[in-house]
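Inspection log for the structure reproduced underneath, given as structure tokens.
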Amino acid sequence: MSTRILPEFDLLAPQSVTEALDLLATYKDRVTVMAGGTDVLVAMKSRFRTETVMILSGISGMDYIEYDATAGLRIGALATVGQLLDHADVKKKYRALWEAADIFATPQLRNTATVVGNLLRASPAGDCSCAIYAIGGKLLLQSKTGRREVDVDDLWLSYGVTARMANELAVELLLPAVGKDTRTAFQRVTRVNEDLAKLNMAVRLDMSGKICKTARVAMGCVGPTPRRLTGIEGQLEGREITEAVLQKAADTVASEISPIDDIRSTAEYRRDVAGVFLRRTIQQACAGAR
Amino acid sequence: MSKHAITLIVNGDEYTLNVPANRTLLEALREDVGLTDAKYGCGTGECGACTVLVDGTRAINACLTLAVAMDGKEITTAAGLAMDGVLHPVQQAFADKAAVQCGYCTPGMVLKTISLLAQNANPTEQEIRKGLEGNICRCTGYAKIVDAVQQAARTMNAETPARRAAGGNA
């Protein structure tokens, strides 16, 4: 094990989606797909071993981020976290995702790590993953036999495991169009900014005047995958977000999560701060940031 | 293990290399090209000692990049910054402000500063600290590094109109 020299592997470098799909059909689960590589290469410098890696960097035209008022936000499989920060529509309309990107790792890693890769890593601590879970979205998976969409609600099966099948390539993430009454926010707890989260969370509130029509609340680092807190959502929906509503949400959130002790924090601390940050994140969304 | 023929354009010079699949960009620069200014620090993308610029001003960690993934790209290392023996304004500012202690983080700091100033010509102290958050100085000499970035910004902003007038590159 060395952080300087990678273990040996064979590398496949397709130049088109078609070529990549052919390789996936042949190699199936014997190949590790790599986009930015900031997770895969660190894992390989630690314990992870794979015989074959397929890099996608040679495929052109997959690094787009495009917003359309009807269709929503389309994020290509090779678009980086850093590209989110430079996109005016993301900053204005998908505030939680922009905020997650803004504190994601370091500038150098943001320039390499991809948004779709963050989802497929299926880590409970993924910052962009948490924001996307709250906003909602669909991942477009393509294989030689066709295409299908997987809702982000159904994407993570367990720690590190997604609904993507071995012969499928994730080609695009689609976030729904959002109106002026949609408000989102993201917050993260870390010791220093560069750390992975002790806890992260994101909310999406669709408002009608002062009333919250629908809510999506996502929290990370409190289970094996990012969690949706449907009990909290039920407390918010159909109500004005008053101090009493916030207080009840903060008081009851601990019963909806199952954090563990690990290298970054303790279960006890996570349960303690979950309510505090839930309240702050909802308040931040209500304060007008979308 | 597979081997791959790639071309890297490093500091303006073209290198044709035959690298094994597991060669990182950092190893290719240090072992194959022979430029040792990009440093191996943590190896996991946290310290920024290996920072290089891709296609002008995009800063990345060379330790977490496969050489093959950089086929055909233009790479800038700190060794490629001085022109005709004249230091780049960022290098000059780091020297003037003594923003160097052991020097190990300096090439990465200088390159990340160039990347930052390309995006934001007049960063505040807070923006400088955030822009350099992926570069760790083990000697903890951050105050002078921030001073140096501020001086470099002033120098480059003063130079830019003069260079434009002379028809040179800003």
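Within region A:215-234, residues that are more than 13 Å from A:LYS198 (Cα to Cα) reach partners that are aromatic (Phe, Trp, Tyr) and buried (at least 21 other Cβ atoms within 10 Å of the Cβ) with beta carbons closer than 9 Å, at six or more positions or on different chains, in the pairs A:ARG216/A:TYR133; A:ALA218/A:TYR133; A:PRO224/A:TRP156; A:THR225/A:TRP156; A:ARG227/A:TYR133; A:ARG228/A:TYR133. Residues in region A:38-62 that are touching a Gly at 6+ places or on another chain (Cβ under 8 Å), within 17 Å of B:ALA67 (Cβ to Cβ) and outside any helix (DSSP H, G or I): A:THR38, A:ILE55.
The set of residues from region B:137-153 being touching a residue at least 12 places away in the same chain (Cβ under 8 Å), surrounded by fewer than 21 Cβ atoms within 10 Å (Cβ to Cβ) and either part of a loop (DSSP other than H, G, I, E, B) or on the phi > 0 side of the Ramachandran plot (or both) comprises B:ARG138, B:CYS139, B:GLY141. Each residue in region B:24-52 was checked for being more than 10 Å from chain A (Cβ to nearest Cβ), within 17 Å of B:VAL110 (Cβ to Cβ) and touching a residue at least 24 places away in the same chain (Cβ under 8 Å), and 6 pass. Contact annotation: residue pairs with Cβ atoms under 6 Å, 6 or more positions apart or on different chains, pairing a residue in region B:110-133 that is closer than 24 Å to B:ASP37 by Cβ with a partner that is outside any helix (DSSP H, G or I) and of a type in the set (S, T, N, Q), are B:LEU111/B:THR51; B:LYS112/B:THR51; B:LYS112/B:ASN135; B:SER115/B:THR57; B:ALA118/B:THR57; B:GLU133/A:THR106; B:GLU133/A:ASN193. Looking only at residues of region A:10-34 that are buried (at least 20 other Cβ atoms within 10 Å of the Cβ) and facing chain B (nearest Cβ under 10 Å), we find that the one that is farthest from B:SER2 (Cα to Cα) is A:MET34. Taken over region A:40-87, the residue count meeting the criterion of being under 25 Å from B:LYS3 (Cα atoms), of a type in the set (Lys, Arg) and within 16 Å of the chain's Cα centre (by Cα) is 0. Residues that are touching a Lys or Arg at 6+ places or on another chain (Cβ under 6 Å) and not hydrophobic (A, V, I, L, M, F, W, C) were ranked within region A:191-217; the one that is surrounded by the fewest Cβ atoms within 10 Å (Cβ to Cβ) is A:ASP206. Selection within region A:48-107: residues that are more than 14 Å from chain B (Cβ to nearest Cβ) and among the acidic types (Asp, Glu). The member of this set that is surrounded by the fewest Cβ atoms within 10 Å (Cβ to Cβ) is A:ASP68.
Filter region A:258-290 down to residues that are closer than 23 Å to A:THR242 by Cα and in a loop (DSSP other than H, G, I, E, B) and give me whichever is nearest to the chain's Cα centre (by Cα).
A:ARG290
Every residue in region B:4-23 that is without any contact (Cβ under 8 Å) to a residue 60 or more places away in the chain and within 9 Å of chain A (Cβ to nearest Cβ), please. B:PRO20, B:ALA21, B:ASN22, B:ARG23 - these are the residues of region B:4-23 that are without any contact (Cβ under 8 Å) to a residue 60 or more places away in the chain and within 9 Å of chain A (Cβ to nearest Cβ).
Criterion first (polar (S, T, N, Q), touching a Phe, Trp or Tyr at 6+ places or on another chain (Cβ under 6 Å) and not assigned by TED's automatic domain parsing to the domain that holds A:LYS91) does A:THR225 satisfy it? Give the steps one after another, and end with the answer.
Numbers: polar (S, T, N, Q): yes; touching a Phe, Trp or Tyr at 6+ places or on another chain (Cβ under 6 Å): yes; not assigned by TED's automatic domain parsing to the domain that holds A:LYS91: yes.
For A:THR225, the condition - polar (S, T, N, Q), touching a Phe, Trp or Tyr at 6+ places or on another chain (Cβ under 6 Å) and not assigned by TED's automatic domain parsing to the domain that holds A:LYS91 - is met.
Take A:GLY209 and decide whether it is in contact with an Asp or Glu (Cβ under 9 Å, 6 or more places away or on another chain) and within 30 Å of B:THR44 (Cα to Cα).
Numbers: in contact with an Asp or Glu (Cβ under 9 Å, 6 or more places away or on another chain): yes; within 30 Å of B:THR44 (Cα to Cα): no.
In short, no.
Scanning region B:41-62 for residues that are under 17 Å from B:ARG138 (Cα atoms), touching a Leu at 6+ places or on another chain (Cβ under 9 Å) and buried (at least 19 other Cβ atoms within 10 Å of the Cβ) turns up B:GLY43, B:GLY45, B:GLU46, B:GLY48, B:CYS50, B:THR51.
In this structure, is A:GLY234 out of contact with any Ser or Thr (no Cβ under 7 Å at 6 or more places or on another chain), more than 30 Å from B:GLY131 (Cβ to Cβ) and part of a loop (DSSP other than H, G, I, E, B)?
On the way: out of contact with any Ser or Thr (no Cβ under 7 Å at 6 or more places or on another chain): yes; more than 30 Å from B:GLY131 (Cβ to Cβ): yes; part of a loop (DSSP other than H, G, I, E, B): no.
For A:GLY234, the condition - out of contact with any Ser or Thr (no Cβ under 7 Å at 6 or more places or on another chain), more than 30 Å from B:GLY131 (Cβ to Cβ) and part of a loop (DSSP other than H, G, I, E, B) - is not met.
Can we say A:VAL116 is under 28 Å from A:ALA20 (Cα atoms) and within 14 Å of chain B (Cβ to nearest Cβ)? Considered against the rule, which asks whether it is under 28 Å from A:ALA20 (Cα atoms) and within 14 Å of chain B (Cβ to nearest Cβ), A:VAL116 comes out as no. Of all residues in region A:35-47, those that are at the interface with chain B (Cβ under 10 Å from one of its Cβ atoms) and either of a type in the set (Val, Ile, Thr) or loosely packed, with under 13 Cβ neighbours inside 10 Å (or both) total 4.
The values are calculated or read from the model by the stated rules, or taken from the named source; none is laboratory data. Because the structure is a prediction, the values reported are computed rather than measured. Cβ atoms come from the backbone with ideal geometry, glycine included; neighbour counts cover every protein chain shown.
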